[in-house]
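Below: one structure, written as structure tokens.
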Amino acid sequence: MRGDRCPRVLVCLALAAPAWCLPKPADWVPARWPWADAASLDLIGGGPINCLLVRPATAEFAAAAANGGLATLAVVVPTDDVLATVRGDLAAKVTGIALEGSFPAETIAAVRRAAGDAPVIELGPRSGMLAYLGAPILATDQGVWPGMAEMDRARAGPSGSAWIDTNTGFIRGMRAATGAPLWIANQPPTKTVVSAARYLEAIADAGMSGARWAIALDEDFAARLAKRDPKAMADWGRMMTMASYFERHPEWRAMQEYGKLALVQDPAKGGLLSGGILDMIAVKHAPVRPIAPADLKPGALKDASLAVNLDAGALTPEEQAVLRDFTRSGGTLLTGPPGWTDEGPAAGKITLDRPELERLNDIWREVNSMVGRRNLGVRLFNAASMLSNFLVSGDGRTAVLHLVNYSDFPVDNVSVQFLGNYKRAILLTPDGVEKPLQLYQTEDGWGADIDKVTVAASVRLEQ
Amino acid sequence: MMTRREWIAAISAAPLLRGATAAPVAPVSITKCASYDEDVTAKLGLLFDQLGGLGGLVSGKTVTIKINMTGAPSIRLQGLAPALTHYVHPKVIGGVAYHLGKAGAKRIRFVESAWASAGPLEDTMLDSGWNVRSLQSAATGVEFENTNALGKSKTYARLTVPGQAYMYPAYDLNRAFEDTDVFISLAKLKNHATCGVTLSLKNCFGSLPASIYGDNAGVDGPNENPTAGRDRVGHRGLRQPSKSAPQELHFGANHDPGYRVPHIVADVVAARPIHLAIVEGIESMAGGEGPWIQGVRTVKPGVLVAGLNPVCTDAVCTAVMGYNPRAERGTAPFQTCDNTLLLAEGHGVGAADLGRIDVRGVPIAEALYRYDS
């Protein structure tokens, strides 16, 4: 974290940045850096970014970054002369290597050997991430661009509901399965004007799920920022504020997902999707705990009352026994229709096409019916343009509800109803507001009202 | 070319339209209210005082108020709160509750068939960003009922259309519509894609429970978990309501929503008389009834209208919107539909004749806000 780095910066300036003065990889806050001049580092001053992805890497820039306490990762792509490029980058004294794209396993192994102690981060397809569990950071360059999906005019009707493109389902599933630091390193859509709000949403989309989005700027924004255009500088400042928000609360990354509903899903299959079952449940604001089949051990379903097992045929006898015990103790278990298997995304894809969605509908209808309008930990009202994530601390005494608004308009009057005997509710916002919320009793727990959510806000509940 | 079925349906309605001149009239009150930041409750007080006050109507009575919350609360125009565009605003609802309580109403029940749901109406209100606790504290005895299904009752009420019905001889509704002394329609001042305008009369189309009249209503009996609108039964006549309810008189004769919905509305308001019509036009939308209609836009007419006869009230509202309330099909705002006001007039509900209506408070000319401009 930036806070860890600052006290050492002056020392580093004098000592030409030894590796020990840089933040640990798990604390890296990444950004794709489109500039190669040391003067561009002024943009970072005091902000949360502490790891720059650069291409190409130069010795001068790497030294300047290191002197500022910033890690540099040289981005290498498959079309490069990979080993030669890596050796050149290492000679330029970059902190590590980021391999972006699909590389043969032997190439990756060769790069790791060449890198020695320098970190090598895979920015590859989602499907390859689990092969590198030992890496300091799990990362992918595949992601959807977060935001409200455009409504199909042909289907617009009074029942129409907003769909939100998000990476949260994938991130939550992967983090639950691995616990590893995770980066989403997708880039803004090309030939599109990207508003500042969309950047904030991308940062918050990853942040509320415990991951980090590797900040990447569209060409227009980068050019305006390079010229220090006042509007671009203001937007950049808002992005840094948003990124800082999640970095100021490292305890959130250590908290567990909470919900009376558990979703047993293979992180190597359906868990790789954006727009899969987990995201569909999230749009309903039902708190759900993703559980990898390998984690189905006694106690894994503690506090859950409902569970969905997507691919019943894929479980081992021991894993099946855990679900059997769950139902015997009163839990409700929903399994896929007979013959239904969790196939995950097609090769190279992370979203579902229409036939695949229709297939998923077989099980979604049942899940939707089971979830209903029950309070499974927390219920949200007036939050149609939002996604949320509900986390609890290990001792269960503190919970945090993250809210991210994906519309271009602030949302007024959000109501939150939650189970549990919490005594205090505090609203936190990226701009540093910490405001107590009035609690009131509801039918099955407690409620609190939030006046306005611009892009992100959190409610901390304390017992 | 009219089919035989259409002809039968048409002649069955024709005699009723001849009785228009006998339709009753009642005063209509208009006041201006430029924004929700004004003292809306005080403006409503003025509106009701101009009608002679509410005490005689509601004191010691159970009052049921059908509000307008059309469509899912998640669907918004330009991200605006639904109450700023197509729902009745909660400040108006709270203000009405306050005045009803002050006038001695014993029980004040707000009802609406919340879109595609049988869950508590309070959930839909919360999803619309409303403060339900504030509404409940506006008066004593305030409660809410989602009339899309049975709700808190065990049976449905059957309300019969007096005389010759246009579409259905009677309608099975949530009991809240029958177990009441006074019935109020609290509507929004809007255009409607199917009916031209939606005011206090059209608001009552939403009284029909989707459990019986919805696209996924049960075939034999109600589906107490409805998840769809009333397109197939009400708008297009592609299926009958649940067999437990009275069936359509001339099923298959007409599938034109511009014919069907106005006729059903006229039936419903004849079967369930409206004692007080209130139309909120502080902020609204023009061009349609909800954000799902292409080309809608926000408008700020800045008016509140109320009257003791819904047809008279809607006639004044239609005039305030810049239209002729007696316009025939083919003329704005009824370009593609029948005129609900005239059909209700045909049922003897009230007169849509501005010449016979005593307009109190702000004159129509001063309240005029042209929806088509």
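The values are calculated or read from the model by the stated rules, or taken from the named source; none is laboratory data. This one's a predicted model, so the numbers in the text were calculated from it and none came from an experiment. Cβ placement follows ideal geometry from the backbone for every residue including glycine, while neighbour counts extend to all protein chains displayed.
Kindly indicate whether any position in the range A:86-103 is of a type in the set (S, T, N, Q) and surrounded by fewer than 19 Cβ atoms within 10 Å (Cβ to Cβ). Looking for residues that are of a type in the set (S, T, N, Q) and surrounded by fewer than 19 Cβ atoms within 10 Å (Cβ to Cβ), one finds at least one in the range A:86-103, hence yes.
How many of the residues in the range B:328-373 are of a type in the set (Lys, Arg) and farther than 30 Å from B:Ala271 by Cα?
Within the range B:328-373, the subset of a type in the set (Lys, Arg) is B:329, B:356, B:360, B:370.
From the residues that got through so far, the ones that are farther than 30 Å from B:Ala271 by Cα too are B:370.
Count: 1.
All conditions in (1) within 14 Å of chain A (Cβ to nearest Cβ); (2) farther than 30 Å from B:Thr331 by Cα hold for B:Gly221, with the sole exception of (1).
When you go through A:Ala65, A:Ala26 one by one, which is the residue that is part of a helix (DSSP H, G or I) and buried (at least 19 other Cβ atoms within 10 Å of the Cβ)? Outline the logic, then answer.
On the way: A:Ala26 fails: buried (at least 19 other Cβ atoms within 10 Å of the Cβ).
Selected residue: A:Ala65, the only one of A:Ala65, A:Ala26 that is part of a helix (DSSP H, G or I) and buried (at least 19 other Cβ atoms within 10 Å of the Cβ).
Test B:Met69 against the criterion of being part of a helix (DSSP H, G or I), within 19 Å of the chain's Cα centre (by Cα) and either under 29 Å from A:Ser369 (Cα atoms) or modelled with pLDDT under 95 (or both), and give yes or no.
On the way: part of a helix (DSSP H, G or I): no; within 19 Å of the chain's Cα centre (by Cα): yes; either under 29 Å from A:Ser369 (Cα atoms) or modelled with pLDDT under 95 (or both): yes.
Answer is no for this residue.
The residues of the range A:261-304 that are surrounded by fewer than 20 Cβ atoms within 10 Å (Cβ to Cβ), closer than 23 Å to A:Val400 by Cβ and among the basic types (Lys, Arg), listed by number, are A:Lys284, A:Lys302.
Conditions (1) in contact (Cβ under 8 Å) with a residue 40 or more places away in the chain; (2) on the phi > 0 side of the Ramachandran plot; (3) touching a helix residue (DSSP H, G or I) at 6+ places or on another chain (Cβ under 8 Å), marked per residue:
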site	(1), (2), (3)
A:Pro25	yes, no, no
A:Ala38	no, no, yes
A:Leu41	no, no, yes
A:Pro48	yes, no, yes
A:Gly88	no, no, no
A:Leu99	no, no, yes
A:Arg112	no, no, no
A:Thr140	yes, no, yes
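Out of all the residues in the range A:280-315, which are assigned to a loop (DSSP other than H, G, I, E, B), closer than 17 Å to A:Thr335 by Cβ and of a type in the set (Gly, Ala, Ser)? Correct list: A:Ala292, A:Ala300, A:Ala304, A:Ser305.
From the list B:Ala157, B:Ala149, the lone residue that is of a type in the set (A, V, I, L, M) and surrounded by fewer than 21 Cβ atoms within 10 Å (Cβ to Cβ) is B:Ala157. Selection within the range A:186-211: residues that are small (Gly, Ala, Ser) and part of a loop (DSSP other than H, G, I, E, B). The member of this set that is farthest from A:Leu123 (Cα to Cα) is A:Ser195.
Within the range B:200-210, identify whether any single residue is buried (at least 24 other Cβ atoms within 10 Å of the Cβ), at pLDDT below 95, out of contact with any Cys (no Cβ under 8 Å at 6 or more places or on another chain) and within 14 Å of chain A (Cβ to nearest Cβ), and answer yes or no. Scanning the range B:200-210 turns up no residue that is buried (at least 24 other Cβ atoms within 10 Å of the Cβ), at pLDDT below 95, out of contact with any Cys (no Cβ under 8 Å at 6 or more places or on another chain) and within 14 Å of chain A (Cβ to nearest Cβ). The set of residues in the range A:163-180 being surrounded by fewer than 24 Cβ atoms within 10 Å (Cβ to Cβ) and more than 10 Å from the chain's Cα centre (by Cα) consists of A:Trp163, A:Asp165, A:Ala176, A:Ala177, A:Thr178, A:Gly179, A:Ala180. Considering only residues in the range B:65-107 that are within 13 Å of chain A (Cβ to nearest Cβ) and small (Gly, Ala, Ser), the one that is farthest from B:Ala176 (Cα to Cα) turns out to be B:Gly79.
State yes or no: is A:Gly344 surrounded by 16 or more Cβ atoms within 10 Å (Cβ to Cβ), out of contact with any strand residue (DSSP E or B) (no Cβ under 8 Å at 6 or more places or on another chain), at pLDDT below 90 and more than 13 Å from chain B (Cβ to nearest Cβ)? Write out each step before concluding.
Details: surrounded by 16 or more Cβ atoms within 10 Å (Cβ to Cβ): yes; out of contact with any strand residue (DSSP E or B) (no Cβ under 8 Å at 6 or more places or on another chain): yes; at pLDDT below 90: yes; more than 13 Å from chain B (Cβ to nearest Cβ): yes.
Yes; evaluated as a whole, the condition is true for this residue.
In the range B:257-373, counting only strands (runs of 3 or more DSSP E) that sit wholly within it, the ones holding 1 or more residues that are modelled with pLDDT of 95 or more, more than 17 Å from B:Lys202 (Cα to Cα) and touching a helix residue (DSSP H, G or I) at 6+ places or on another chain (Cβ under 9 Å) span B:297-299, B:303-307, B:359-361. Scanning the range A:212-234 for residues that are touching a Phe, Trp or Tyr at 6+ places or on another chain (Cβ under 7 Å) and assigned to a helix (DSSP H, G or I) gives A:Leu225, A:Ala226, A:Ala232. In the set B:Gly234, B:Gly196, B:Gly252, only one residue is in contact with a Phe, Trp or Tyr (Cβ under 8 Å, 6 or more places away or on another chain) and at positive phi; that residue is B:Gly196.
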